[in-house]
1. Roughly how many whole Å is it from the C-alpha centroid of the stretch A:173-233 to that of the stretch A:24-46?
2. What's the average, rounded to a whole number, of partner chain beta-carbon atoms within 10 Å of each residue's beta-carbon in A:173-185?
3. Using packing as a proxy for protection, rank A:190-196, A:173-179, A:132-138 so that the peptide with the highest average count of other Cβ atoms within 10 Å comes first.
4. Can you put A:T33, B:T34 in order, fewest other beta carbons within 10 Å first?
5. Using the charge dipole of the stretch A:158-308 (Lys, Arg: +1 at Cβ; Asp, Glu: -1 at Cβ; taken about the Cα centre), state which of A:T293, A:L222, A:F163 has its Cα farthest towards the positive end.
6. Would you grab the residues whose amide H sits under 5 Å from the one on A:G287? Only those 5+ places off in sequence or on another chain, please, with H modelled 1.01 Å from N.
7. If we count other beta carbons within 10 Å of each Cβ, what is the order of A:V248, B:V52, fewest first?
8. What is the helix-to-structure angle for A:266-281, meaning the angle in degrees between its Cα long axis and the longest Cα principal axis of chain A, kept from 0 to 90 and rounded to the nearest 10?
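Laboratory data are not the source of any read-out in this text; all were calculated from the coordinates shown. Just so we're clear, the structure is a prediction, and the values are computed from it rather than from any experiment. Positions of Cβ are backbone-derived with ideal geometry, glycine not excepted, and every protein chain shown enters the neighbour counts.
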Amino acid sequence: MAEKEVRLMKGNEVIAHAAVHCGCDGYFGYPITPQSEVMETLMELKPWETTGMVVLQAESEVSSINMVYGGAATGKKVMTSSSSPGVSLMSEGLSYLAAGQLPCLVVNCQRGGPGLGTIQPSQGDYFQACKGGGHGDYHLIVLAPASVQEMYDFVGLGFDLAFKYRTPAMLLADGAIGQMMEKVVFSEQKPRRTDEQVVEECGSWASCGKGKRKHKNVATSLFLQPDELEALNQKLQATYREIEAHEVRYEEYMCDDADYILVAFGSSARISLAAVDMAREQGIKLGLLRPITLYPFPYAPLKAMAERGVKGFISVELNAGQMVEDVRLAVEGKAPVKHFGAMGGMIFNPESVLEALKSNLIK
Amino acid sequence: MKETIIIAGFGGQGVLSMGKILAYSGVMQDFEVTWMPSYGPEMRGGTANVTVIISDKRISSPIADSYDTAIILNQQSMDKFQSKVKPGGVLIYDTNGITTPPTRTDIEIYTIDAATESARMGQAKMFNTMILGGYLKIKPVVEMEYVMQGLKKSLPERAWKFLPQNEAAINHGAQIIKKVR
């Protein structure tokens, strides 16, 4: 493979390439627009003939996520991908994976909802991804790619974080990022871990063969004794505090002298970037904070901006206002926080973002 | 330099692949590019369109509301996108399938009879590259050397035997495009 070759590819296609390149052991999925190219590309790549990676079309999303549970329980690097309604079907499995402390990667290429909704892009699953989705006290590490290159890069990053903290990670994309083509540069092919390496890395918890160990490793999410479940929850919460302390990622654009700040992720961050440039041409000091991790959310930099005197924030989202709640928590009432968005798969343009700023905040 | 183009027509006319060839050509010349298709209901029979942006700087929004150039291949797309061409911009259309010609007077308008011409030459599949050739004659945003590289890159290897015909179609398109006003 020519390492530095620049290719032109769809976001969904590069997810498949990235999975193979980062040494993924198994993909289990079920087709749904607008993410079907992920499995289509994997089937074309036939990684079972090269790296030995398994690619399997399950009979439903419920099966996919439970196959992921099975693979993850053995310490393997496994993943699935879907779009909003399919991820709803996976929510039970995600809660089980979190409770079982099982690392895996789930890609959600969001479409408009609720219900079957539309196949056009949306960011309506922010709450589902960041605030639960499944039942119980758990979090997923949520990464929000805003370019095709990030779609590629975040597959490897998602797996790394998932294994580091033994928790499921989600790549929260949307139909626009999944369907568009941009330049992408691939990383080197990493070999899949050998069985010995899996035992070495994950042998303390994974069901990868008892060997000389005295006890069996069992992946479970059932703890009938309240004190045992309490202990698991304490452990999970301690992990979440670690993640919150060390894994917050975000990008700032023109924020240093900004009077106003847009907060946006994924495709709406791309649109917001153009709005910032337009505002600057008009002499309006506007900046963009783009959360890269939605969980853990970048509360601290937003709070610092409010404390240094930013006059107002707009959370720009392809939904009815979900992330805006976290922006408000961050800002703690020190400045006005508004939401601007569109639902139903509609996409706004940079002009309308700027218009929302002018009509809502600039008096 | 930043060129925002919409190519719009029926599914099956090669709209998306024309956009891909153009975008890949931009990649070969080291430009930044985005290719954003309409997907979904449209591609399941009906109109299809793609927005391609080629720029020498980082591209912020891949989604556009107004275009430097519109390449229009059916009446529905004419009705939808004529008004979205920026003043002073370019509108190129194939007369085949257009019942109501464009009425704007503040943009440059060109026609290219690629459907008729490619059928006459017995190479109906070269329709889209012929139009691409016409466009590049009017807006040489990418050098021809890189267009040929982009063409090869965007085609699967099994289709490389058609490269000479595609190249010929690009050159022919450059000759048959006509300015209306």
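1. Centre-to-centre (Cα) distance: 20 Å.
2. Numbers: counts 0, 0, 2, 4, 2, 1, 7, 9, 15, 10, 10, 1, 0.
For this peptide, the per-residue mean of nearby foreign Cβ atoms is 5.
3. Numbers: A:190-196: 13.0, A:173-179: 29.7, A:132-138: 16.9.
My ranking of the peptides, most packed first, is A:173-179, A:132-138, A:190-196.
4. On the way: A:T33 19, B:T34 26.
Going from sparsest to densest Cβ surroundings: A:T33, B:T34.
5. My answer, from the dipole projection, is A:L222.
6. A:Y260, A:I261, A:L262
7. Final ranking by Cβ density, sparse to dense: A:V248, B:V52.
8. Rounded to the nearest ten degrees, it is 20.
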